[in-house]
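Peer 1: Structure below; questions to follow.
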Amino acid sequence: MKTIKLLSLSLLATLLFSACSDDDEAPQVINEEEEITTLNVYLTPDNDTESLTFSFTDLDGGVSEPTIVNNGLQANTSYTGRIEFLNENESPVENITDEVIAEAEEHQVFFITETGLDVTIDYLDFDDNDDPLGVEFRLVAESVSSGNLTFILIHEGNKSTPEADGETDIEVTFDVTVE
Amino acid sequence: MFQKFILLCLFLSVHLSVSAQNYNLTISGQIIDKHDNSNLQGAVIAINDSNTVVYSDENGNYKLENLCPGDLILKVTHPYCEPQTKKVTLKGNSVINFRLEHHLEELNEVLLKGKLYDKNLNSSISNQIKTEELENFSNASLGDALKTLSGVSSLNTGSSIVKPIIQGLHSSRVLIINDNVRLHDQQWGEDHAPNVDINSAANVTVIKGASALKYGGDAVGGTIVIEPQKAPLKDTLMGKTILTGATNGRGGTLATSLIKANSNGFNYRIQGSLKRLGDLESPNYQLTNTGQRENNISLGIGLNKIDYGIDFSYKLTNSEIGILRAAHIGNITDLEISINRQIPNFIDDFSYSITSPKQEVTHQIFKLSTFKKLKGIGEVNLQYSFQNNDRQEFDVRRGELRDKPAMDMNLKTHTLLAQLEWTALENFDSNFGVELNAQTNLPNPDTGVRRLIPDYDMYSVGAFATTEYDLSNKWKVDAGIRYDFSAIDAEKFYFESRWEQLNYDEIFPQFETNRIENGQIFTTPNFDYHNVSGTIGATHTFANDWQLITNLSSASRAPNPSELFSDGLHHSLARIELGELQIDSEQSFKIGAELQGTVDNFGFSLQPYYNHINNFIILEPSGADTSIRGAFPVWQYRQSDSRLFGVDASASYTYRNFDLVSNLAYVNGQDLEQDLPLINMPPFNIRNALTYRKTEWNNFYISFISQLVTEQNRFSDNNFDVRIINRTTGEFEEKEVDISTPPEAYHLLDIRSGMQFEFGKKRLQINLIVNNMLNASYRSYLNALRFYADEVGTNAMLQLKLNY
């Protein structure tokens, strides 16, 4: 009986000790590291300077309204374009575009133009298998028109299929006007 | 020499018989059952080398008379006990008591009785799986084995993550007790399989409802009690090895166990298993990234002295489980595409490699337990256990984060359990107990993904009292009550925007701190819960030995951390899940009954039930968020009074060498406030097993098992409309995403056959098991990945089992 008492006391002590000895430090904040908060599309018209034409910023996973930049396109103009993916919740801001380029074989940007929008887009960059990547592209705005322009970043897709059948990392649609 | 010996014997006997005439000494005493201190009637007390024999009376008393002084040897035997001999030097009248031990066979039963959940003890509605059936599932999981019981289904994530559902309820509503330790392994998650090595179980009991109060008061669904092989009280070395090879997954399982026992009560046990499986295969395609690896070991050492004992055990389960690659999706468009595509979008050649998405889980249990029988009182038990659960979930990520888990949580639980089984009153068997728990959840902040479940400390205290009373041979009644108090202290970062969106800034300003970093507010939610649960029931045995059991139980469950704090994207379902801090405990009131009996070769069991649950916690769609990834439906926890009713039935029929066993189960769940069916209710199902046995042919048997699962016609319509871009035309389209419609009915045929060979003391059993023999392609309503791929096709397994 005495042994049992002793045993129970020591067990209780262990229990209390281990329960209380856990670190009481407050947890640190986690910023989503791989998350893309921001899509920036920079366009450079031939013989002109680069400007931020489209931008979509969502810092909290869609809880509050996103910040959107949407400048129109000029008719009969050819642009070279580049896309930038940022994580603005990290400080300093993390540029995820570099990772996308480094893992070009696993990524592809898709450009979907609505039928009524007179815009064509061609890939300017390719991965090691000569499949398109789409961080750099040529955009040609033809006649005056308007419609949806959607940028989709697909991860680990099958590039041999037209829609790259993969996982969507980003999908942003802008209502674009060609003036 | 031999002549001298004869002479000596003659002399002795003459001496004895002579002295018997001349002296008048007595030996008296009592024969007592060492096990439960009861008096043993009918024990034979004999004096060696004489004809003197007496029997103990109904009080265990005996008396030997007309004895002469000198040395003599007493031998005490009893039909149920180990014989005992004692050398006595008689000088005057003596009192000698004997405490006898039960025979080994019966001893094992009795020893187990206190610890094993004995279904005859109270009015619990329960079913049991024995070792022989469990061994067929050596290469599968606990959930797969339990599914063979009527009224038990499984909630799957793929085919390797299998959670048991008892009469429609699962996860936090089902307690899992492994070797008398309640598992704390983040059981709240629907994609978290219980961390139990099925190869370590000797038998498993499923208690339907909350009547097993000693394990917890929150068993709204039920309790699963897993018992390992116990060491017998004799000198022996028992070994068992099972090797299973499977065609589907091109791998198998090796399981082995060894028990060394001694008649002095000292024993040690070692058990382990290894499982290696590659990608599984559905009838039409490979299920890419569905391999799994498991390493399990358990060790034990104990001293069992019948009236006291002490035991230490350690269990480790470690598993790495691949999740179907195609089930990791980015947004609702991907989900919509998957549902309509019918085949997965990632199909690779067979591989043993396991890549992201995957889970890596390690669970450890340390247990120290001791018991002591107290004369005239009963038995006290004291048990301390420590559980350490590490869970890592890997998502498909890029760059340096590729090999970093997206979720990495450590859950530590200390439990102290003190119990008294009080048997002093005749016909009463009562249990009193106190349970103390201290739990800490520590998510690793290095994942680079916001915590799904926050840091928290939880303390709980429970106290219970149960009693069983034998009214007569025909009637037994039982009752019990339990109270649990739990306090949870959490520390969590909310996006300020979410905190305000949920109105928490007004409801819970006391949880706010001044610490705000990168748009996230640090909060300290803490809650206390008081829960009272109880059970009352009766068992009646009819003259024809039929039995009617009725049981009324009430379980009360405090919300789990997932229901309170979830806050994030659930990848395989493409939905944002939000906990609700205002959720309160749910309370069930369940009435269950069982009628069981036999008529000649026909046996049956009927188990109807009705379960009313106040404030049932439900996860349901509440709107949509549009993020940079696209649109996502938001699911939130809500409480609603609900009810479930149903019936589990089984029947068996034996004719010559054939026997037929049928099980069926029906459950009907309804949200009473919204008047809508509850989600994820198991559809009506029937299982028939026809077996032919021929003992003469090395215990040959062959079984045909047919399983029919109907389509679930009662489901909640959680379909939602989303505006998504048509990836061809570039136009927005309004689309209904059908996540509710259950898949069609399916029928599966399994075959099992086997023979047994004996080599001296060794026994070799060879089994052939073929699951889904017709290679049916089907999807299950209760599989979270049913939107992405078919279930597995034919799996043929060869199993060798050696007992030594």
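The values are calculated or read from the model by the stated rules, or taken from the named source; none is laboratory data. Here the structure is a predicted model, which means the values were calculated and not measured. Here Cβ is always computed from backbone atoms with ideal geometry, including for glycine, and neighbour counts include all displayed protein chains.
Peer 1: Does the stretch A:156-165 hold any residues that are out of contact with any Lys or Arg (no Cβ under 6 Å at 6 or more places or on another chain), at the interface with chain B (Cβ under 7 Å from one of its Cβ atoms) and in contact (Cβ under 8 Å) with a residue 12 or more places away in the chain, and which are they?
Peer 2: Hit for the stretch A:156-165 is A:156, nothing else.
Peer 1: Let me ask another. For the stretch B:423-438, give me the residue count where each residue is closer than 30 Å to residue B:457 by Cα, away from chain A (no Cβ under 14 Å) and either more than 24 Å from the chain's Cα centre (by Cα) or crowded, with 19+ Cβ neighbours inside 10 Å (or both). Break it down stepwise before answering.
Peer 2: First, the residues of the stretch B:423-438 that are closer than 30 Å to residue B:457 by Cα: B:431-438.
Checking the rest, the ones that are also away from chain A (no Cβ under 14 Å) come to B:431-432.
From what is left, the residues that are either more than 24 Å from the chain's Cα centre (by Cα) or crowded, with 19+ Cβ neighbours inside 10 Å (or both) are B:431.
Selection size over the stretch B:423-438: 1.
Peer 1: Just give me the residues in the stretch B:53-64 being part of a loop (DSSP other than H, G, I, E, B), crowded, with 18+ Cβ neighbours inside 10 Å and at negative phi, in sequence order. Walk me through how you get there before you give the answer.
Peer 2: Of the stretch B:53-64, the ones part of a loop (DSSP other than H, G, I, E, B) are B:56-60.
Add one more test, that the residue is crowded, with 18+ Cβ neighbours inside 10 Å, and what stays is B:56, B:60.
Within the stretch B:53-64, just B:56 meets the criteria.
Peer 1: What are the pairs, 6+ residues apart or on separate chains, where a residue within the stretch B:65-94 that is assigned by TED's automatic domain parsing to the domain that holds residue B:26 has its Cβ under 6 Å from a residue that is basic (Lys, Arg) and assigned to a loop (DSSP other than H, G, I, E, B)?
Peer 2: What qualifies is B:69/B:91.
Peer 1: Right, here's the next one. Of all the residues that make up the stretch B:180-200, how many are more than 22 Å from residue B:458 (Cα to Cα) and surrounded by fewer than 22 Cβ atoms within 10 Å (Cβ to Cβ)?
Peer 2: Selection size over the stretch B:180-200: 1.
Peer 1: Continuing with the same structure: Given the residues B:364, B:383, B:387, which is the only one that is part of a strand (DSSP E or B), closer than 16 Å to residue B:419 by Cα and of a type outside the set (Ser, Thr, Tyr)?
Peer 2: On the way: B:364 fails: closer than 16 Å to residue B:419 by Cα; B:387 fails: closer than 16 Å to residue B:419 by Cα.
After ruling out the rest, the residue left standing is B:383.
Peer 1: Residues to consider are B:413, B:333; find the one that is within 8 Å of another protein chain (Cβ to nearest Cβ), touching a strand residue (DSSP E or B) at 6+ places or on another chain (Cβ under 9 Å) and crowded, with 20+ Cβ neighbours inside 10 Å.
Peer 2: Values: B:413 fails: within 8 Å of another protein chain (Cβ to nearest Cβ).
Checking each option against the conditions leaves just B:333.
Peer 1: Also, I was wondering about something else. Here is a check on your reading of the model: is residue B:668 in the same structural domain as residue B:170 (by TED's automatic domain parsing), more than 30 Å from residue B:568 (Cα to Cα) and in contact with a Ser or Thr (Cβ under 6 Å, 6 or more places away or on another chain)?
Peer 2: On the way: in the same structural domain as residue B:170 (by TED's automatic domain parsing): yes; more than 30 Å from residue B:568 (Cα to Cα): yes; in contact with a Ser or Thr (Cβ under 6 Å, 6 or more places away or on another chain): no.
Judged against the criteria, residue B:668 is not a match.
Peer 1: Could you identify the single residue in B:243, B:274 that is assigned to a strand (DSSP E or B), free of Cβ contacts under 8 Å to residues at least 40 places away in the same chain, surrounded by fewer than 20 Cβ atoms within 10 Å (Cβ to Cβ) and aliphatic (A, V, I, L, M)? Quick ask: steps written out before the conclusion?
Peer 2: Numbers: B:243 fails: free of Cβ contacts under 8 Å to residues at least 40 places away in the same chain.
Every option except B:274 fails the conditions.
Peer 1: Which count do you get for residues in the stretch B:612-637 that are farther than 21 Å from residue B:667 by Cβ and either touching a residue at least 24 places away in the same chain (Cβ under 8 Å) or in a strand (DSSP E or B) (or both)?
Peer 2: First pass over the stretch B:612-637, keeping only residues farther than 21 Å from residue B:667 by Cβ: B:621-637.
Subsequent filtering for residues that are either touching a residue at least 24 places away in the same chain (Cβ under 8 Å) or in a strand (DSSP E or B) (or both) retains B:621-627, B:629-637.
Number satisfying all stated conditions: 16.
Peer 1: Pull up the stretch A:111-121, narrow it to residues that are of a type outside the set (Val, Ile, Thr) and touching a Leu at 6+ places or on another chain (Cβ under 8 Å), then point me to the one that is nearest to residue A:41 (Cα to Cα). Before you say what the answer is, go through the steps one by one.
Peer 2: Our first condition is that a residue be of a type outside the set (Val, Ile, Thr); within the stretch A:111-121, this holds for A:111, A:114, A:116-118.
If we keep only those that are touching a Leu at 6+ places or on another chain (Cβ under 8 Å) as well, we get A:111, A:114, A:117.
On the way: A:111: 12, A:114: 18, A:117: 18 Å.
Among them, the one singled out is A:111.
Peer 1: Being assigned by TED's automatic domain parsing to the domain that holds residue B:147, within 30 Å of residue B:531 (Cα to Cα) and either under 24 Å from the mean Cα position of the chain (by Cα) or at pLDDT 90 or above (or both), is that true of even one residue in the stretch B:652-663?
Peer 2: In the first step, residues of the stretch B:652-663 are kept if they are assigned by TED's automatic domain parsing to the domain that holds residue B:147; the result is B:652-663.
Filter once more, keeping what is within 30 Å of residue B:531 (Cα to Cα): none.
Within the stretch B:652-663, not a single residue is assigned by TED's automatic domain parsing to the domain that holds residue B:147, within 30 Å of residue B:531 (Cα to Cα) and either under 24 Å from the mean Cα position of the chain (by Cα) or at pLDDT 90 or above (or both).
Peer 1: Does the stretch A:165-179 hold any residues that are under 17 Å from the mean Cα position of the chain (by Cα) and not in a loop (DSSP other than H, G, I, E, B), and which are they?
Peer 2: Looking only at the stretch A:165-179, we keep the residues that are under 17 Å from the mean Cα position of the chain (by Cα), and these are A:166-174.
Correct list: A:167, A:168, A:169, A:170, A:171, A:172, A:173, A:174.
Peer 1: A further question on this structure: Of B:37, B:93, B:51, which residue is at pLDDT below 80 and either farther than 30 Å from residue B:379 by Cα or of a type in the set (D, E, K, R) (or both)?
Peer 2: Working: B:37 fails: either farther than 30 Å from residue B:379 by Cα or of a type in the set (D, E, K, R) (or both); B:93 fails: at pLDDT below 80.
Sole residue among the options that is at pLDDT below 80 and either farther than 30 Å from residue B:379 by Cα or of a type in the set (D, E, K, R) (or both): B:51.
Peer 1: Starting from residues that are among the aliphatic types (A, V, I, L, M) and within 25 Å of residue B:726 (Cβ to Cβ), keep the ones in the stretch A:101-118 and report whichever is farthest from the other protein chains (Cβ to nearest Cβ). Spell out how you get there, then give the answer.
Peer 2: From the stretch A:101-118, those among the aliphatic types (A, V, I, L, M) are A:101-102, A:104, A:109, A:112, A:117; that's our starting set.
From what is left, the residues that are within 25 Å of residue B:726 (Cβ to Cβ) are A:109, A:112, A:117.
Numbers: A:109: 13, A:112: 4, A:117: 7 Å.
Looking at residues that are among the aliphatic types (A, V, I, L, M) and within 25 Å of residue B:726 (Cβ to Cβ), I get A:109.
Peer 1: Which one of the conditions (1) away from chain A (no Cβ under 14 Å); (2) surrounded by fewer than 20 Cβ atoms within 10 Å (Cβ to Cβ) does residue B:634 fail to meet, given that it meets all the rest?
Peer 2: Unmet condition: (1).
Peer 1: Filter the stretch B:386-395 for residues that are within 14 Å of another protein chain (Cβ to nearest Cβ) and buried (at least 22 other Cβ atoms within 10 Å of the Cβ); which is nearest to the chain's Cα centre (by Cα)?
Peer 2: Within the stretch B:386-395, the first condition is being within 14 Å of another protein chain (Cβ to nearest Cβ), and the residues that meet it are B:386-388, B:394-395.
Those left that are additionally buried (at least 22 other Cβ atoms within 10 Å of the Cβ): B:387, B:394.
On the way: B:387: 16, B:394: 27 Å.
Here the residue is B:387.
Peer 1: Okay, moving on. Just for the stretch B:480-503: of the residues that are at pLDDT 95 or above and of a type in the set (Ser, Thr, Tyr), which one is farthest from residue A:91 (Cα to Cα)?
Peer 2: By that ranking, first place goes to B:483.
Peer 1: Another question, if that's okay. Checking the conditions here, which among B:594, B:586 is buried (at least 22 other Cβ atoms within 10 Å of the Cβ), over 26 Å from residue B:186 (Cα atoms) and in contact (Cβ under 8 Å) with a residue 24 or more places away in the chain? Walk me through how you get there before you give the answer.
Peer 2: Working: B:586 fails: over 26 Å from residue B:186 (Cα atoms).
So the residue among B:594, B:586 that is buried (at least 22 other Cβ atoms within 10 Å of the Cβ), over 26 Å from residue B:186 (Cα atoms) and in contact (Cβ under 8 Å) with a residue 24 or more places away in the chain is B:594.
Peer 1: If you don't mind, there's one more thing I want to ask. Out of (1) free of Cβ contacts under 8 Å to residues at least 40 places away in the same chain; (2) in a loop (DSSP other than H, G, I, E, B), the odd one out for residue B:306 is which?
Peer 2: (1)
Peer 1: Does the stretch B:673-685 contain at least one residue that is part of a strand (DSSP E or B) and under 20 Å from residue B:772 (Cβ atoms)? Give the derivation first.
Peer 2: Taking the stretch B:673-685 and keeping what is part of a strand (DSSP E or B), we get B:676-677, B:685.
In the following step, the residues that additionally are under 20 Å from residue B:772 (Cβ atoms) were identified as B:685.
Yes, the stretch B:673-685 contains a residue that is part of a strand (DSSP E or B) and under 20 Å from residue B:772 (Cβ atoms).
Peer 1: In the stretch A:13-58, which residue that is more than 8 Å from chain B (Cβ to nearest Cβ), out of contact with any Ser or Thr (no Cβ under 6 Å at 6 or more places or on another chain) and at pLDDT 85 or above is surrounded by the fewest Cβ atoms within 10 Å (Cβ to Cβ)?
Peer 2: Ranking the qualifying residues of the stretch A:13-58, first place goes to A:49.
Peer 1: Given the conditions (1) touching a Leu at 6+ places or on another chain (Cβ under 9 Å); (2) of a type in the set (Lys, Arg); (3) within 14 Å of chain A (Cβ to nearest Cβ), which single one is not true for residue B:315?
Peer 2: (3)
Peer 1: State the number of residues belonging to the stretch B:363-377 that are modelled with pLDDT of 90 or more and away from chain A (no Cβ under 12 Å).
Peer 2: 3
Peer 1: Would you check if there is a residue in the stretch A:127-143 being within 14 Å of chain B (Cβ to nearest Cβ), not acidic (Asp, Glu) and not in a loop (DSSP other than H, G, I, E, B)?
Peer 2: The answer is no; no qualifying residue exists.
Peer 1: Say we look at the stretch B:512-556 and pick out the residues that are among the hydrophobic types (A, V, I, L, M, F, W, C), away from every other protein chain (no Cβ under 14 Å) and not in a loop (DSSP other than H, G, I, E, B); which of these is nearest to residue B:567 (Cα to Cα)? Give the derivation first.
Peer 2: Restricting attention to the stretch B:512-556, the residues satisfying the condition of being among the hydrophobic types (A, V, I, L, M, F, W, C) are B:516, B:521-522, B:527, B:532, B:536, B:538, B:542-543, B:546, B:548-549, B:552, B:555.
When the remaining residues are screened for being away from every other protein chain (no Cβ under 14 Å), the result is B:527, B:532, B:536, B:538, B:542-543, B:546, B:548-549, B:552, B:555.
Cutting the leftovers down to not in a loop (DSSP other than H, G, I, E, B) gives us B:527, B:532, B:536, B:538, B:548-549, B:552, B:555.
Values: B:527: 18, B:532: 29, B:536: 39, B:538: 45, B:548: 47, B:549: 44, B:552: 37, B:555: 27 Å.
Result: B:527.
Peer 1: Continuing with this model, one more query. What residue, of B:293, B:250, B:269, is buried (at least 21 other Cβ atoms within 10 Å of the Cβ), among the basic types (Lys, Arg) and in the same structural domain as residue B:393 (by TED's automatic domain parsing)? So that I can check it myself, show each step before the final result.
Peer 2: On the way: B:293 fails: buried (at least 21 other Cβ atoms within 10 Å of the Cβ); B:250 fails: buried (at least 21 other Cβ atoms within 10 Å of the Cβ).
None of the others qualify; the one that does is B:269.
Peer 1: Let me ask something additional. Among (1) away from chain B (no Cβ under 11 Å); (2) buried (at least 19 other Cβ atoms within 10 Å of the Cβ), which single condition is residue A:94 missing?
Peer 2: (1)
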